[in-house]
Amino acid sequence: MGDMQGRVEARLKAALQPQELVVIDTSAGHCGTAFDVAVVSPLFEGKKLLERHRMVNGALSEELPHIHALSIKRAWTPEQMQAQQSK
C-alpha cells in the first residue's frame, strides 16, 4: 500500500467511521495518486448523494491537492448496503 493510499484510508476512517471502506489505487503504479473509493457509513443517513460526496471530499481536504483522480464509486448507508446484498 502506498503512502498516499494509507493516508486516504486513515482520513476516511477517522472522519466517516465507515462500516466498510475500500480504497483502490488505480494509477497502475505510475503516480500513486488516483483512487477509487467505496464507503458505507451510518453518517450518510439522511444525506443526499451530493452531500455524501462532499463529506468524502471534505475528509480528504489536505490530500486532494496531491490526488490526480478520485472516483467515489459508492457512498452508501448501511441500509443501502444491506438492500444491495439481499438482491
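Brief remarks on what is shown
- Members of the stretch 21-47 that are out of contact with any Lys or Arg (no Cβ under 9 Å at 6 or more places or on another chain), in contact (Cβ under 8 Å) with a residue 12 or more places away in the chain and not in a helix (DSSP H, G or I): V23, D25, T26, S27, C31, G32, T33, A34, F35, E45
- From L60, L43, residue being farther than 17 Å from Q84 by Cβ and under 11 Å from the mean Cα position of the chain (by Cα): L60
- Scanning the stretch 39-66 for residues that are within 17 Å of D25 (Cα to Cα) and either open to solvent by 20 Å² or more (accessible area, probe 1.4 Å) or out of contact with any Pro (no Cβ under 9 Å at 6 or more places or on another chain) (or both) gives V56, N57, L60, E63, L64, P65, H66.
- Contact annotation: residue pairs with Cβ atoms under 7 Å, 6 or more positions apart or on different chains, pairing a residue in the stretch 67-87 that is more than 16 Å from G46 (Cα to Cα) and open to solvent by 50 Å² or more (accessible area, probe 1.4 Å) with a partner that is in a loop (DSSP other than H, G, I, E, B) and among the hydrophobic types (A, V, I, L, M, F, W, C), are H68/C31.
The values are calculated or read from the model by the stated rules, or taken from the named source; none is laboratory data. Note that this is a predicted model, so its numbers are computed, not measured. Every residue, glycine among them, receives a Cβ derived from its backbone with ideal geometry; neighbour counts consider all protein chains shown. Please note that ligands, DNA and RNA were not included when accessible areas were found on the heavy atoms of the full protein model with its side chains. Shrake-Rupley method; radii C 1.70, N 1.55, O 1.52, S 1.80 Å.
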